Amino acid sequence: MLEQIGDAIYQVEEVESAGLVVFDEKAGKYKPFVHVVRTHHCFARKLVIEGNTSTTINTPLTLTVRLLDWEGNPLDESLEARIAARGNTVTLQLENGVGELDFVSPIAGTFKIEAQADRCDEGLLEVVVNE
Amino acid sequence: MASGLIAPLLGLLYQIGQREDSASTTGGALARLAWVVNKQDAFKDKTPYIAKSTNTVRDSWVDVVNITGSGYLTSVAAGAYDTDEVTIGFRIVIDGVEKFAAGSLAEKQFFQLTSSYDRVTSGFTFPTLNMRFKTSLRVQRIVSCASSVSNVCAVAVYQLD
């Protein structure tokens, strides 16, 4: 079962105690105590990066970064996102949940592009730059 | 047959009378806790659980586990794999009281990875804590890095009563 508390989504698990019991007044008997364990599942918001996954050297590749809720629905919010690839980071301002940037590489290779923001799941896109 | 029934019952009644932290003192009449004294009370017999968080969000506290119940926090650990230096800190809240929070760099280094010029790599470490919690446990982690963190993992090992 998933549960949202604040800006995070938790996986909720109920674990019956092996030795601890609690008295059930209605039933008139003791029953196992139930531990409630919540583990972080994801944040309520996430970033996604959309665009082609291949380009050539020095050819700009337009990428769109979107802010969605954890179930994939668009969010109409402004947000400052950090876009990173191989240790290089730029800041992108998302307006109404959308922002665009051009990715250009002078070298060939595979680049993992990450979009991050505070209290928000990151977006990932792998782009191949050909000769 | 009779002794098999009476013995656990005696243990039950004894504990109801002895425990001052039974739920009846804090909650309503419905919640009367009793502790059955048997082999499951022994720390060594409890089942270990591991909660894991691989979220890569930086500079924010992220829950690794948040438990309503009682048991032991056995240990916490973290690891990362990145091209930049990664610092990881933990916050431990037992029964609603913050017991430890990595505020300064020195405190974070207690659980921190070492870094190299090229790439940070670390295996897990498991400092033994064995901290008792009676009503709740919350373990959070915070990650700092010069740029996006590619891979990070924080775990909490715990046991439930």
Legend entry - Of the criteria (1) facing another protein chain (nearest Cβ under 8 Å); (2) more than 22 Å from the chain's Cα centre (by Cα); (3) crowded, with 17+ Cβ neighbours inside 10 Å, which one A:LEU61 fails: (1)
Legend entry - For A:PHE43: the one exception among (1) crowded, with 17+ Cβ neighbours inside 10 Å; (2) among the hydrophobic types (A, V, I, L, M, F, W, C); (3) modelled with pLDDT under 95: (3)
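Results for (1) assigned by TED's automatic domain parsing to the domain that holds A:ASP7; (2) in contact with a Gly (Cβ under 9 Å, 6 or more places away or on another chain); (3) touching a residue at least 40 places away in the same chain (Cβ under 8 Å), shown as yes or no for each residue.
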residue	(1), (2), (3)
A:LEU63	no, yes, yes
A:LEU67	no, yes, yes
A:SER78	no, yes, no
A:THR89	no, no, no
A:GLY99	no, no, no
A:ILE107	no, no, yes
Legend entry - Residue within the stretch B:134-141 that is touching a helix residue (DSSP H, G or I) at 6+ places or on another chain (Cβ under 9 Å), part of a strand (DSSP E or B), assigned by TED's automatic domain parsing to the domain that holds B:ALA51 and at pLDDT 80 or above present: no
Legend entry - Complete set of residues in the stretch A:64-76 that are out of contact with any Lys or Arg (no Cβ under 8 Å at 6 or more places or on another chain) and surrounded by 12 or more Cβ atoms within 10 Å (Cβ to Cβ): A:THR64, A:VAL65, A:ARG66
Inset, instruction - Specify the residue that is surrounded by the most Cβ atoms within 10 Å (Cβ to Cβ); the eligible residues are those in the stretch A:1-16 that are facing chain B (nearest Cβ under 9 Å) and under 15 Å from the mean Cα position of the chain (by Cα). - result: A:ALA8
Legend entry - Hey, A:VAL104 at pLDDT 95 or above and not basic (Lys, Arg) or not: no
Inset, instruction - Test B:VAL57 against the stated conditions and say whether it is within 13 Å of chain A (Cβ to nearest Cβ), in a loop (DSSP other than H, G, I, E, B), under 16 Å from B:VAL155 (Cα atoms) and of a type in the set (Val, Ile, Thr). - result: yes
Legend entry - Unique residue being at the interface with chain B (Cβ under 10 Å from one of its Cβ atoms) and either out of contact with any Phe, Trp or Tyr (no Cβ under 8 Å at 6 or more places or on another chain) or basic (Lys, Arg) (or both) when the list is A:GLY87, A:GLY28, A:GLY99, A:GLY19: A:GLY87
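Can A:LEU79 be described as crowded, with 17+ Cβ neighbours inside 10 Å, more than 14 Å from every other protein chain (Cβ to nearest Cβ) and out of contact with any helix residue (DSSP H, G or I) (no Cβ under 6 Å at 6 or more places or on another chain)? Steps first, answer last, please.
Working: crowded, with 17+ Cβ neighbours inside 10 Å: yes; more than 14 Å from every other protein chain (Cβ to nearest Cβ): no; out of contact with any helix residue (DSSP H, G or I) (no Cβ under 6 Å at 6 or more places or on another chain): yes.
Taking the combined requirement at face value, the residue does not satisfy it.
The values are calculated or read from the model by the stated rules, or taken from the named source; none is laboratory data. Please read all numbers here as calculations on a predicted model, not as lab measurements. Glycine gets a Cβ as well: all are built from the backbone with ideal geometry, and neighbour counts include every protein chain shown.
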